[in-house]
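Colleague: This is the structure, below, for whatever I ask next.
The values are calculated or read from the model by the stated rules, or taken from the named source; none is laboratory data. Note that the coordinates shown come from a computational prediction; the quantities given were computed from them, not determined experimentally. Note that each Cβ is placed from the backbone with ideal geometry, even for glycine, and that neighbours are counted across all protein chains shown.
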């Protein structure tokens, strides 16, 4: 009898126990209570995220289905939310801090959305929300407010961490919309759109999103084939100094799709990042650009770097090896990064940049002056050059405030000892004010569009000849 009771307490439901006396029936109460507690614990494990104590994906799915089935009418919002660049948090502060951030974000979401909501952790850095809507509210309005609430810094021990979320939302209208799987697929498409639009935002589902995602996936697949299909090529845009000399070019990649024609970099660079091809594309660009650069021993070159490259193991070694193979001194290269790198929160990227700078490479901050991220990056790293965003230049001579903003940006850059490049010089009227503001270099279509490698030498000779005649 004792052995049978122990097997029952351990969860063996197939055992048969003969009960003949009241004492034996009373003896069953203890094992049955143990079994009840164990069964409850197993159920909690099946429906609860162990790290946060929140409902998990299975619990969310079943709860949403039950609530929808019990409701004959009404509107409900379904949201999927991702923590932006969560890997950076783990890399910079450790996985324990990452787990704590997930717990804090989950708790903040629940507190913001209230008791009527169901908030679940459905992935490593992904949450799902189910929320009844009133006649006065909409899913996108609530989602946008939630994204805003998540922008407040989070306290992780001794650190104050600025983290954001991306959110996709769709609405279910009863009695028609009750297929939870289909609803979540729509929310996932909206989340994908938020990430594609730069993250840190909320996007509502629209019917065309499914087709757009199919197009994106096809483009990503085609990009992989472009490496071996001769569809990628390098072009170079001249950069002029204020004395009208041209001693530098910026390396830019182009993709000529066999069916779509020229695909803009603003389209295929994000596609490379989404599909995991960015490191491979970056290496292709560096190899090809440095092969061309070896033919022009008297000038400098700017190379654009993706945040993913700087976080990739062995990138510094790869770049240095390419320079050695082509006989190029690191001092002749400017490596451009953008504010999306967020080096003040990315320890690995900051270490890589410092190593590259110590090796002799010069580091430039691209699109400077467009946001608070640029300003915080200037405090975190000593850049050799700032490239002013074209939006600081385009209204010169038309908007009186534009010159003041430009001069302030130049003053800040010069204060930290950086050269200043004005991008977007598309007209003659922009040359004089950018010079007078203190810019050291000018770049834009007024001087030249990007040109093929075979034309670079002739272009530089032409500029030198023009300067000689003017002298």
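Colleague: Find the strands (runs of 3 or more DSSP E) located wholly in the stretch 194-291 whose residues include 1 or more that are buried (at least 20 other Cβ atoms within 10 Å of the Cβ) and outside the structural domain of residue 428 (by TED's automatic domain parsing), and list them.
Modeller: Result: 202-204.
Colleague: I've got another one for you. Does residue 227 qualify as being touching a strand residue (DSSP E or B) at 6+ places or on another chain (Cβ under 8 Å) and over 25 Å from residue 465 (Cβ atoms)?
Modeller: So residue 227 fails the test.
Colleague: Could I ask something else about it? Which of the residues spanning the stretch 295-307 are closer than 23 Å to residue 382 by Cβ and either without any contact (Cβ under 8 Å) to a residue 40 or more places away in the chain or not assigned by TED's automatic domain parsing to the domain that holds residue 382 (or both)?
Modeller: 305, 306
Colleague: Residue under question is residue 176, and the condition is that it be outside any strand (DSSP E or B) and at pLDDT below 90; does it hold?
Modeller: Spelling it out, residue 176 is indeed outside any strand (DSSP E or B) and at pLDDT below 90.
Colleague: Test residue 126 against the criterion of being surrounded by 14 or more Cβ atoms within 10 Å (Cβ to Cβ) and over 10 Å from residue 81 (Cα atoms), and give yes or no.
Modeller: The answer is no for residue 126.
Colleague: Sticking with this structure for a sec: Which residue out of 410, 378, 421, 431 is buried (at least 17 other Cβ atoms within 10 Å of the Cβ) and outside any helix (DSSP H, G or I)?
Modeller: Matching residue, one of 410, 378, 421, 431: 421.
Colleague: Does residue 123 satisfy the condition of being closer than 28 Å to residue 271 by Cβ and in a loop (DSSP other than H, G, I, E, B)?
Modeller: Against the criterion (closer than 28 Å to residue 271 by Cβ and in a loop (DSSP other than H, G, I, E, B)), residue 123 qualifies.
Colleague: A further question follows. Would you check if residue 158 is surrounded by 14 or more Cβ atoms within 10 Å (Cβ to Cβ) and not assigned by TED's automatic domain parsing to the domain that holds residue 270?
Modeller: no
Colleague: Ok, one more. Can we say residue 114 is out of contact with any helix residue (DSSP H, G or I) (no Cβ under 7 Å at 6 or more places or on another chain), crowded, with 18+ Cβ neighbours inside 10 Å and more than 18 Å from residue 65 (Cα to Cα)?
Modeller: It is false that residue 114 is out of contact with any helix residue (DSSP H, G or I) (no Cβ under 7 Å at 6 or more places or on another chain), crowded, with 18+ Cβ neighbours inside 10 Å and more than 18 Å from residue 65 (Cα to Cα).
Colleague: Quick one: in the stretch 129-142, of everything that is in contact (Cβ under 8 Å) with a residue 24 or more places away in the chain, out of contact with any helix residue (DSSP H, G or I) (no Cβ under 8 Å at 6 or more places or on another chain) and part of a helix (DSSP H, G or I), which residue is surrounded by the most Cβ atoms within 10 Å (Cβ to Cβ)?
Modeller: Step by step, filter the stretch 129-142, then rank; the result is 139.
Colleague: All but one of (1) part of a helix (DSSP H, G or I); (2) at pLDDT below 95; (3) surrounded by fewer than 16 Cβ atoms within 10 Å (Cβ to Cβ) hold for residue 297, so report the exception by its number.
Modeller: Checking residue 297 against (1) part of a helix (DSSP H, G or I); (2) at pLDDT below 95; (3) surrounded by fewer than 16 Cβ atoms within 10 Å (Cβ to Cβ), the one that fails is (1).
Colleague: Can you go through 133, 156 and tell me which one is over 19 Å from residue 195 (Cβ atoms) and modelled with pLDDT of 90 or more?
Modeller: Criteria check complete, one pass: 133.
Colleague: Turning to a different aspect of this structure: Which of the following residues is at pLDDT below 90 and either outside the structural domain of residue 364 (by TED's automatic domain parsing) or in contact with a strand residue (DSSP E or B) (Cβ under 9 Å, 6 or more places away or on another chain) (or both): 449, 435, 414, 385?
Modeller: Just a single option satisfies the conditions, and that option is 414.
Colleague: Which count do you get for residues in the stretch 326-343 that are modelled with pLDDT under 95 and surrounded by fewer than 17 Cβ atoms within 10 Å (Cβ to Cβ)?
Modeller: Result for the stretch 326-343: 1.
Colleague: If you don't mind, another one. Pick out the one residue from 97, 111 that is under 25 Å from residue 158 (Cβ atoms), without any contact (Cβ under 8 Å) to a residue 40 or more places away in the chain and under 28 Å from the mean Cα position of the chain (by Cα).
Modeller: After applying the criteria, what remains is 111.
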